[in-house]
Amino acid sequence: MDDREESDDPTDFSSGGVEDEDAPQPEVARIRRKVHSAGRDGRVRSKTIAPKRLTRDERRLSELLVYPPDVDRPGTRDACTGMPRPCPFVSCSHHLYLDVNPETGAIKLNFPHLEVWEMAETCSLDVADRGGITLEEVGAILNLTRERIRQVEVRGLSKIKDDTGGELGIPPERY
């Protein structure tokens, strides 16, 4: 049995392991402790947090979180380009730190071994603005293998081809 005391105060999350604002959330901290080392290819695999695995305190904390009123989140790409990097807005759909499955609510940490400020790239739109890059570079940015990136590319091109009636505007040997 656990010797920790449970507090009745809904704003007291010390029993959940959060001592200050900069400390990672308990589930993220647990995942980081479990990340042992990189695989054969030197990559640390992404980790998914299922909503069912969250503790009662973590669920309570998520209900109490509010977006700070003094922070102006960019609403357009033009406003975003002038923002400092690494981008602090991990809830943006273009941020590379995490992905949220809208159907299940599962959170996928693409880089469980890194903090946001330790990432080389944080915005997929910044990467797209640079122009074409190799599959290896895309794989490193997204923490996926070159082969998985190739599979996603083929599937995406196939969907575009289906939606446009076969008019891709690229040579046939590419797809």
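The values are calculated or read from the model by the stated rules, or taken from the named source; none is laboratory data. Here the structure is a predicted model, which means the values were calculated and not measured. Virtual Cβ from ideal backbone geometry, glycine too; neighbours counted across all protein chains shown.
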What pairs come up if the first residue lies in segment 45-62 and is within 28 Å of ILE141 (Cβ to Cβ), the second is among the aliphatic types (A, V, I, L, M) and in a helix (DSSP H, G or I), and their beta carbons are under 8 Å apart, counting only those six or more places apart or on different chains? LYS47/ILE31; ILE49/VAL28; ILE49/ILE31
I'd like to check something: does segment 109-117 contain any residue that is within 26 Å of VAL44 (Cβ to Cβ) and part of a helix (DSSP H, G or I)? yes
Condition check for SER93: surrounded by 11 or more Cβ atoms within 10 Å (Cβ to Cβ), within 29 Å of LEU144 (Cα to Cα) and of a type outside the set (Phe, Trp, Tyr): no
In this structure, is VAL66 among the aliphatic types (A, V, I, L, M), without any contact (Cβ under 8 Å) to a residue 24 or more places away in the chain and within 20 Å of ARG45 (Cβ to Cβ)? no
Could you check segment 75-85 and list, in sequence order, the residues that are surrounded by 14 or more Cβ atoms within 10 Å (Cβ to Cβ) and farther than 16 Å from ALA128 by Cα? MET83
Selection over segment 107-139 where residues are farther than 25 Å from PRO74 by Cα and surrounded by fewer than 16 Cβ atoms within 10 Å (Cβ to Cβ) yields a count of 5
Which count do you get for residues in segment 84-105 that are part of a strand (DSSP E or B) and in contact with a Phe, Trp or Tyr (Cβ under 7 Å, 6 or more places away or on another chain)? 1
Meets criteria (among the β-branched types (Val, Ile, Thr), part of a loop (DSSP other than H, G, I, E, B) and surrounded by 11 or more Cβ atoms within 10 Å (Cβ to Cβ)) for VAL44: yes
I need the full set of residues from segment 136-175 which are modelled with pLDDT of 85 or more, of a type in the set (Gly, Ala, Ser) and over 17 Å from the mean Cα position of the chain (by Cα), in order please. GLY156, SER158
Residues being surrounded by 10 or more Cβ atoms within 10 Å (Cβ to Cβ) and in a loop (DSSP other than H, G, I, E, B) - total across segment 50-73: 4
What's the number of the only condition in (1) part of a helix (DSSP H, G or I); (2) modelled with pLDDT of 85 or more that ARG33 fails to meet? (2)
